[in-house]
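Here's the structure, in structure tokens; my notes come after.
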Amino acid sequence: MNKWYVYLLLREDNTPYYVGKGKCGRCYQRGGRDLPLTEQGEVDKDRIQIVFESENEDLCYQKEVEYISLYGRECDGGILQNKYLGGGKKSKVTNFIERKKETTKEWKEKNKESIREYNREYKQKNKEKDREENRRRSREYMRRKRQKLKEKLQN
């Protein structure tokens with residue numbers, strides 16, 4: 001059985017510009033991405049690095065997502081040219097958001113007391129600021145209400 005792997009395509013300075021998952025010779029084939037080439041136009045195998053191997057495809061998908069998260073996509077401020085977040089589906093944004101929600105939920109559960117303490121301190125520090133904001137909103141609400149009443153009386 002062929003092993004699955006996660007690979008990096010490297011720039012000349014050895015920083016990755018693409019993370020992918022494949023098996024057999026996938027990392028050496030063009031597939032909508034620019035492979036590193038030698039001056040002779042051949043694939044530069046020295047600039048393709050296999051960073052993880054497994055017989056479990058799902059585990060490789062997970063590692064692909066981890067590497068993409070580690071280096072970040074250019075569109076998100078990172079260094080990778082990857083269009084997608086990895087994990088095997090092009091619409092991974094939804095799955096990413098779901099994973100983030102789960103992670104956030106777990107983190108909140110684990111740090112519940114710290115969060116409560118932080119919120120208490122924040123409210124205490126910003127009490128006056130919050131009061132002022134509430135007053136401003138109340139004045140604005142009353143101003144709009146008076147304006148509507150005036151308009152109604154004029155008609």
Residue list for the range 41-62, filter: under 12 Å from residue 11 (Cα atoms), surrounded by 14 or more Cβ atoms within 10 Å (Cβ to Cβ) and either within 25 Å of the chain's Cα centre (by Cα) or not basic (Lys, Arg) (or both):
44, 48, 49
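Residue by residue, here is whether (1) more than 30 Å from residue 5 (Cβ to Cβ); (2) modelled with pLDDT of 80 or more holds:
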| site | (1), (2) |
| --- | --- |
| 67 | no, yes |
| 71 | no, yes |
| 76 | no, yes |
| 82 | no, yes |
| 95 | no, no |
| 123 | yes, yes |
| 130 | yes, yes |
| 133 | yes, yes |
What tally of residues in the range 103-155 results from selecting those that are loosely packed, with under 10 Cβ neighbours inside 10 Å and within 30 Å of residue 85 (Cβ to Cβ)?
1
For the range 4-23, state whether one or more residues are in contact (Cβ under 8 Å) with a residue 40 or more places away in the chain and more than 19 Å from residue 79 (Cβ to Cβ).
yes
For residue 47, only one of the following conditions fails: (1) in contact with a strand residue (DSSP E or B) (Cβ under 6 Å, 6 or more places away or on another chain); (2) closer than 19 Å to residue 86 by Cβ; (3) not aromatic (Phe, Trp, Tyr). What is its number?
(2)
If residue 52 satisfies all but one of (1) among the hydrophobic types (A, V, I, L, M, F, W, C); (2) modelled with pLDDT under 85; (3) in the same structural domain as residue 18 (by TED's automatic domain parsing), what's the number of the condition it fails?
(2)
Mind checking which residues of the range 3-38 are among the aliphatic types (A, V, I, L, M) and within 24 Å of the chain's Cα centre (by Cα)?
6, 8, 9, 10, 19
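The values are calculated or read from the model by the stated rules, or taken from the named source; none is laboratory data. Only a predicted model underlies this, so the values are computations on that prediction, with no experimental measurement involved. Methodologically, a virtual Cβ is constructed for each residue, glycine included, from the backbone with ideal geometry; neighbour enumeration extends over all protein chains shown.
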